[in-house]
Every structure is written in structure tokens, then in C-alpha cells.
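Peer 1: I have a structure here, written as C-alpha cells, and I will follow up with some questions on it.
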Amino acid sequence: MADPSSYRPKPGQIPDSPGVYKFRDEHRRVIYVGKAKSLRQRLANYFQPLVSLHPRTATMVTTAASVEWTVVSTEVEALQLEYSWIKEYDPRFNVKYRDDKSYPYLAVTLNEEFPRVQVLRGHKKKGVRYFGPYAHAWAIRETVDLMLRVFPVRTCSAGVFRNAASAGRPCLLGYIGKCSAPCVGRVTPDEHRELADEFCDFMAGRTGTYIRRLEKQMMIAAEDMEYEKAARLRDDIEALRRAMEKSAVVLADATDADLIALAEDELEAAVQIFHVRGGRVRGQRGWVTDKVEAVDTAGLVEHAIQQLYGEESGDTVPKEVLVPALPDDTEAVTAWLAGRRGSNVSLRIPQRGDKKDLMETVARNAQQALVLHKTKRASDLTTRSRALEEIADALDLDSAPLRIECFDISHLQGEDVVASMVVFEDGLPRKSEYRRFQIKGFEGQDDVRSMHEVISRRFKRYLAEKEKTGEWGLPAEGRGRVDGGPMEGEVPAQAPGEDDGRPKRFAYPPQLVVVDGGQPQVAAARRALDELGIVDIAVCGLAKRLEEVWLPGDDDPVVLPRSSEGLYLLQRVRDTAHDFAIRYQRSKRTKRIRTSPLDAVPGLGETRKQALIKHFGSVKRLRQATIEQIREVPGMGLKTAEAVVVALAQAAPAAPAVNTATGEIMEDDGGGTA
């Protein structure tokens with residue numbers, strides 16, 4: 001525990017201007033990021049007597065070992081830089097909201113020639129228009145099914161689209177009128193894009209225009225005695241109205257707004273957001289956070305706004321954001337939101353009327369979410385605590401293994417040998433710490449030798465991190481920095497003083513290492529640790545056949561009851577490592593199978609490979625081309641063209657494909673793999 005006075009800046013060193021500051025611990029890791037209108041006044045608050053500080057703030061300043069700052073010109077720049085640093089460094093003492101689920105969005109891929117309507121989750125992609133998020137994917141599909149009657153936009157995948165175009169026949173949706181069938185040329189690209197734009201306009205809340213237009217067309221058709229057309233238009237209007245009914249009107253003035261409400265206690269806070277577009281609730285989402293820093297409601301609101309709109313721009317930032325409390329720097333936050341939207345944004349507290357009533361509804365949802373989270377967490381904590389205690393008792397550990405790392409080896413008949421490392425902290429997976437390895441010390445199949453190599457490489461990096469951060473003076477015997485070979489995801493070690501504060505990949509040791517296997521694998525792991533002089537990390541193995549737990553040097557396994565929470569946790573850790581290793585091994589195998597003779601051409605990147613294949617149609621035709629013909633491809637110079645010719649000449653052509661039904665040799669006239 002550090003004394004804050006030991007790193008307190010001298011009077012006059014801190015500028016009296018806007019900026020962003022970082023507290024670092026003794027290992028130079030960033031543990032807190034903050035912003036201030038006046039750096040001098042804000043930082044002075046952290047160096048008061050500890051008894052006058054909030055307990056969480058006191059914990060932070062005693063964990064820190066240094067403070068540094070960056071001056072900016074405006075408060076808006078400070079807000080943006082604070083958000084960027086929190087995202088980059090992931091400081092342990094900053095409030096970070098975590099989604100309670102991965103919400104589905106209704107997405108329209110406007111970046112394609114023929115835009116597609118689909119359900120997407122995860123990170124947003126450039127050139128795609130998103131609507132939502134929604135609570136359930138089935139709600140999106142019901143809405144889309146109703147709207148396709150009026151806006152028959154493509155919904156099929158790229159593969160289905162290509163197959164239909166090749167066959168000259170549309171899919172079922174094309175036959176029943178729920179797709180305009182651009183794959184077979186029923187509509188032009190411009191006509192299909194117009195349909196997609198109208199679909200987006202309707203989803204964005206501009207519904208009245210289309211309803212009135214369809215009603216007018218229906219009346220004209222009825223007057224002209226085109227009764228079948230009038231009936232179809234009537235059904236289209238009814239379908240649109242049913243789609244609109246799925247999101248009830250909550251604000252009569254057709255407002256575009258996001259409503260943010262909070263529920264909190266001393267330890268945690270839950271935030272709920274309602275997305276209202278055109279006066280209707282178009283989406284809902286929620287977050288929960290631990291209050292790891294001394295923060296009030298206004299601070300929680302500011303953090304929520306940063307996370308909600310930090311990656312957004314344009315119309316996805318609404319004209320109005322309604323909150324329960326205004327951030328301390330209201331003007332700066334409002335200016336930041338306006339910059340992301342490209343026009344003015346109103347940030348305020350609703351005082352009366354429908355908006356205040358709706359805000360109360362959002363607040364009730366936040367309160368229910370907090371209660372539900374605490375109920376689940378209490379039950380989950382009890383179960384995980386019992387599991388960790390059972391593991392500690394069974395393996396005779398001094399304390400519960402709060403960090404467990406599990407290793408598994410995967411290969412296919414001795415080829416593409418890889419390994420995985422998964423991490424569980426407090427009984428929960430820590431996916432950001434997962435790592436993948438390629439076995440490079442030898443060739444062939446030897447799980448025991450592979451396990452020894454992987455454990456050695458992982459913990460050599462751990463010792464290198466400890467040496468670099470100065471956690472001991474001179475390395476102990478057997479702890480020298482030895483190059484264990486390149487590791488998937490490794491970064492080069494930095495010299496002292498070059499630490500950038502980001503979380504290190506192999507800096508944290510586990511209390512327990514679990515290997516997938518029995519006595520031989522456990523012995524190999526223990527031997528690797530002993531060779532490095534590491535004696536304070538426990539090792540065990542979990543054999544699949546009888547789910548027995550093996551310890552180093554024991555002739556008999558430890559048998560945990562089938563109903564044991566400890567055994568269940570070990571099984572989950574082992575199965576996670578197994579699945580992670582298999583996925584990596586399959587990806588390596590797939591990549592190897594898809595290799596091309598062009599891969600051997602030095603300096604030929606993926607873009608120019610694809611350009612060559614697109615120009616000539618296949619590798620076979622490219623092999624028959626002359627140097628001058630190859631140089632006609634944009635970006636291809638004389639030396640590269642000559643290298644392509646040499647590489648294709650040296651590579652033996654693949655055996656011709658044979659139609660097994662007729663015995664006919666099939667010519668390679670199609671596309672190739674670059």
C-alpha cells in the first residue's frame with residue numbers, strides 16, 4: 001500500500017486547465033482515468049488526508065504509485081479522451097457498464113449492391129443501418145415478416161442469392177411475393193435500393209406517409225373496379241398497422257428520444273435505456289455495473305452516455321436524451337453529443353407530461369433489473385464459492401483458487417498441433433485472457449511433450465513480466481529470461497519505463513493449473529514449472545474417461561462426487577479449453593487446405609491475389625497467361641508478374657476433378673482460391 005504523499009506532484013506543477021489524468025500502480029498499469037475542467041483543483045482533492053476521502057477513493061490512491069496528466073484545449077476534448085483511455089486501458093477503478101445480454105438488431109446492409117434485411121448481434125458494421133436493439137430476435141422476425149408484404153426486400157444470404165441467380169429461379173419468398181427477386185432480375189438494383197430505403201424510412205418512424213399513400217392507391221383501385229388490387233393493398237395496410245402495433249405509441253408528438261434511468265445502491269447500479277423513434281418504443285437495453293469508484297447519480301449518467309454513444313454517429317444519436325440527473329459538465333456532454341450527431345442535441349430532465357411518465361416506467365424497469373441481478377448474483381456467488389472451496393479441499397490447497405488456467409492440446413492425426421489456454425477467475429470465464437499456441441518445438445503427435453512446451457512458454461512469459469516490472473531484483477536460479485519460441489498473441493517485452501499501462505497478457509499467475517489429461521500430462525506440466533523454479537502454483541489433471549482428478553506424483557486419482565460443484569466447475573473449465581483448442585485447430589486446418597500457389601509469391605498481398613483471380617477467372621487460366629497479360633491487372637509490375645509466372649510454373653497443378661456418377665473429367669473453368 002503506497003502513501004499518496006510519496007507521489008504527490010509539487011505545488012505549481014499541475015496546470016490550471018482542462019485535461020485528463022491517469023493514476024498508475026507500482027507496475028505502471030493504469031488503474032484510474034478521470035477528466036477535469038481544472039486539473040489542479042481536481043487532483044488536489046485526491047491528496048487530502050485519507051480519513052476525509054471516500055473509502056473507494058482512498059483504496060484507489062493507496063493502490064496507485066504515480067499520477068500523470070494530459071492537457072487539452074476544451075472540456076469536450078477531455079470527455080472524448082477520457083472515453084478513449086477508459087476503453088484502451090480498462091482501468092480497474094473506473095465504472096464500466098456491462099451488457100446483461102447481447103441484444104439483437106434489425107439491420108439493413110446498405111453497403112451491398114442489393115441491400116439485405118437480417119438480424120445481427122455484436123459490433124456494428126460500417127455501411128449497415130441498424131434499428132433496435134430488441135429484447136428478442138423473434139420480435140424482429142415477426143415485424144419483418146409483416147413488412148415484407150409491402151417492402152419485399154431481399155433477406156437471403158449471399159450463397160442463396162448466388163445459387164438462385166445461377167439457376168435462374170428465385171427462392172420461395174420470391175414466389176409468394178415477399179421478395180422482389182433481384183437475383184433473377186425482376187427488379188433493377190436501383191428499384192431494389194429504393195425499396196430498402198423505404199423500408200428504413202418506415203422503421204425510422206416515418207409511417208404516416210406510406211399508410212396514406214397505400215390508402216389512396218386502394219381507393220383509386222376500388223373506383224377503377226380493380227378489386228383484387230384493392231384487396232391486396234388493404235391487406236398491405238393491415239400488415240403495416242399490425243407491425244406498428246408491436247411498438248405502442250408512448251409519445252404523441254412523434255419524438256425521437258432516448259430515455260436513460262438508473263437504480264442504484266451502495267455497491268451496484270443498473271441502467272435501463274428506452275429508444276423512442278417516431279413516438280414509439282423501438283428498442284430497449286440494460287446494463288449493470290459495480291460502483292468501484294466514488295460516483296454519484298450524475299457521474300453514472302455521464303458514464304452511461306459515454307458508453308451508449310461513444311461509437312455512434314449521425315441519426316443513431318437522437319435529437320433528445322432524457323436523464324434522471326444532469327452530468328456535472330452538462331455543456332461539454334451536450335456539445336460532445338451534438339458533435340457525434342452532427343446537429344443539436346437536447347440533454348435534459350423531463351419535468352412533466354408523457355415524457356416524465358415514461359421516465360418513471362424506465363426507472364421501474366431499472367429497479368427490477370437491479371433486483372433480478374442481485375438475486376441471480378447471490379445464488380451464483382454461493383454456488384461458485386462452494387465449488388472453489390470443494391476444489392481447495394480436494395486438492396489440499398491453502399486457499400480457494402481464484403484464478404484457474406486450463407490447457408488442452410488438439411491435432412488431427414498429428415497435423416496442425418495446437419494448444420489452448422482458458423482462464424476462469426472467481427469461477428467465471430475471463431475470455432479476454434484466453435490464449436492460443438502453435439506447437440513449434442517438434443513435429444508429430446506427442447501430447448505429453450506438447451503440454452510441457454506450452455506450460456514452459458506460458459510461464460516463461462510470466463517470469464519475464466515479473467522481471468520487467470521489478471517484482472524481484474535478480475532472477476532466481478532457473479528464472480532467467482529464456483526465449484520459449486513465438487506464441488500466438490504474444491507481444492515483445494518492453495524495457496523498463498516503456499510500459500504503456502495496458503493490461504499485460506501473461507502478467508498474472510494462476511493459483512491452479514488444470515490440464516486436460518491424466519498422469520502423463522500432469523507430470524509434464526509439473527516438470528515444466530519445476531524447471532522454471534515455480535513451486536507456488538498447484539497442478540492437476542482431469543481425465544475424460546472417468547472424470548478423475550490427478551495430482552503430480554500420486555498413483556491414485558482424487559475422485560470427487562458426481563454431485564460436487566467443484567467437479568462441475570473443473571469439467572466446465574476443461575470442456576471450455578477443449579472447445580477453444582478444437583476451434584483453433586479447425587481454423588488452422590481450413591487455412592492450410594485453402595492455400596494457393598500464389599501464396600509463395602513474395603510481396604503479393606491478398607488484394608492483388610483477388611484481383612488476379614477476378615481478372616482471369618481461375619488459377620488454371622492465370623497459369624496459361626503471359627507476363628504481359630498479367631501486367632494488365634491493375635497494380636501488377638514487371639517483377640511481380642515474373643514472380644507469379646515462376647511460382648505457378650513450379651507448383652504442380654492439382655489433379656483434375658472427376659464426376660463420380662459419369663466418370664467425366666471436369667475442366668477447371670470456375671473461380672480459384674487465392
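The values are calculated or read from the model by the stated rules, or taken from the named source; none is laboratory data. What you see is a predicted model, and the numbers here were worked out from it, not measured in a lab. Neighbour counts run over all protein chains shown; Cβ positions are idealised from the backbone, glycine included. Side chains are part of the model used for accessible areas, which takes the heavy atoms of the whole protein and leaves out ligands, DNA and RNA. Shrake-Rupley method; radii C 1.70, N 1.55, O 1.52, S 1.80 Å.
Peer 1: Give the residue list of trypsin sites (Lys or Arg not before Pro) in segment 524-618 that are DSSP loop and have at most 16 other beta-carbon atoms within 10 angstrom.
Peer 2: Answer in residue order: K544, R545, R562, R594.
Peer 1: Something else about it: Net charge within 11 Å of V317 by Cβ-Cβ distance, Lys/Arg positive one each and Asp/Glu negative one each, not counting V317 itself?
Peer 2: Working: positive: K319, R340, R341; negative: D256, D258, E311, E312, D315, E320.
In short, -3.
Peer 1: Once R0 is set to 56 Å, what does the formula 1/(1 + (r/R0)^6) return for the Cβ-Cβ distance between L110 and D555, expressed as a FRET efficiency to the nearest 0.05?
Peer 2: Efficiency at R0 = 56 Å is approximately 0.25.
Peer 1: In segment 371-445, which chymotrypsin sites (Phe, Trp or Tyr not before Pro) are in a loop and have at most 13 other Cβ atoms within 10 Å, using DSSP for the loop call?
Peer 2: Filter output for segment 371-445: F442.
Peer 1: Cross-link partners among lysines for K356, C-alpha distance below 19 Å, same-chain residues fewer than 8 apart left out?
Peer 2: Hits, sequence-local ones excluded: K319.
Peer 1: Over its Cα atoms, what ratio of radius of gyration to 2.2 N^0.38 Å does segment 112-224 give?
Peer 2: Against the compact-globule rule of thumb, the ratio is 1.15.
Peer 1: Compute the separation of the alpha-carbon centres of segment 601-650 and segment 28-87 and state it in Å as a whole number.
Peer 2: 56
Peer 1: Quick one: if you stick a label point 7 Å off each Cα along the C-beta vector at N344 and T74, how many nm between them?
Peer 2: Result: 1.7 nm between the two label points.
Peer 1: Please list 391-400, 185-194, 34-43 highest first by mean number of surrounding beta-carbon atoms within 10 Å per residue.
Peer 2: Working: 391-400: 15.7, 185-194: 13.8, 34-43: 18.7.
So the peptides 391-400, 185-194, 34-43, ranked by packing, come out 34-43, 391-400, 185-194.
Peer 1: Between I220 and L172, take the C-beta separation as r, use R0 = 25 Å, and let me know the FRET efficiency to the nearest 0.05.
Peer 2: In this case the efficiency is close to 0.20.
Peer 1: Trypsin sites (Lys or Arg not before Pro), restricted to segment 343-441: which are DSSP loop and have at most 15 other Cβ atoms within 10 Å?
Peer 2: When the trypsin sites (Lys or Arg not before Pro) of segment 343-441 are filtered for loop state and at most 15 Cβ neighbours within 10 Å, R352, R430, K440 remain.
Peer 1: Separate question: Work out how much length Q650 to E268 would gain on full extension: take 0.36 nm times their residue separation and subtract the Cα-Cα distance, in nm to one decimal.
Peer 2: Extra length available between Q650 and E268 comes to 131.0 nm.
Peer 1: Let me ask something else about it. Give, as a single signed number, the net charge of other residues whose beta carbon lies under 10 Å from the beta carbon of I455, with Lys and Arg counted +1 and Asp and Glu -1.
Peer 2: Values: positive: R457, R458, K460, R526, R527; negative: E405, E453, E531.
Around I455, the surrounding residues sum to +2.
Peer 1: How much net charge surrounds D575 when only other residues with a Cβ under 12 Å from its Cβ are counted (Lys, Arg +1; Asp, Glu -1)?
Peer 2: -1
Peer 1: Also: Per residue, how much accessible surface does segment 1-123 expose to a 1.4 Å probe? Answer in Å², no decimals.
Peer 2: 49
Peer 1: Determine, from the Cβ-Cβ distance of R56 and K126 and an R0 of 41 Å, the FRET efficiency 1/(1 + (r/R0)^6), rounded to the nearest 0.05.
Peer 2: On the way: r = 38 Å, r/R0 = 0.94.
E between R56 and K126, to the nearest 0.05, is 0.60.
Peer 1: Next up: Tell me the accessible surface of L172 in square angstrom (1.4 angstrom probe, heavy atoms of protein chains only), to the nearest ten.
Peer 2: Surface accessible to solvent at L172 totals approximately 130 Å².
Peer 1: Now for a separate question. Under a plain spin-label model, where a point goes 7 Å from the Cα along Cα-to-Cβ, how far apart in nm are K544 and R364?
Peer 2: It is 5.2 nm.
Peer 1: By how many nm would the segment from Q13 to R141 grow when fully extended, if each residue of separation counts as 0.36 nm and the alpha-carbon distance is taken off?
Peer 2: Computed gain between Q13 and R141 is 40.1 nm.
Peer 1: Looking at this model, which pairs from K87/K440; K87/K124; K440/K466; K126/K431 are more than 27 angstrom apart at the alpha-carbon?
Peer 2: K87/K440
Peer 1: How far apart, in nm, are the 7 Å Cα→Cβ label points at E26 and V535?
Peer 2: Taking the simple label geometry, E26 and V535 are separated by 2.3 nm.
Peer 1: Percent of accessible area on segment 340-430 owned by carbon and sulfur, 1.4 Å probe? Show your work: numbers first, answer last.
Peer 2: Details: 2210 of 4760 Å².
Taking all protein chains in place, segment 340-430 shows 46 percent carbon and sulfur surface.
Peer 1: Assuming 0.36 nm per residue, please report the length gained on full extension of the stretch D393 to E191 beyond their Cα-Cα distance.
Peer 2: 65.8 nm
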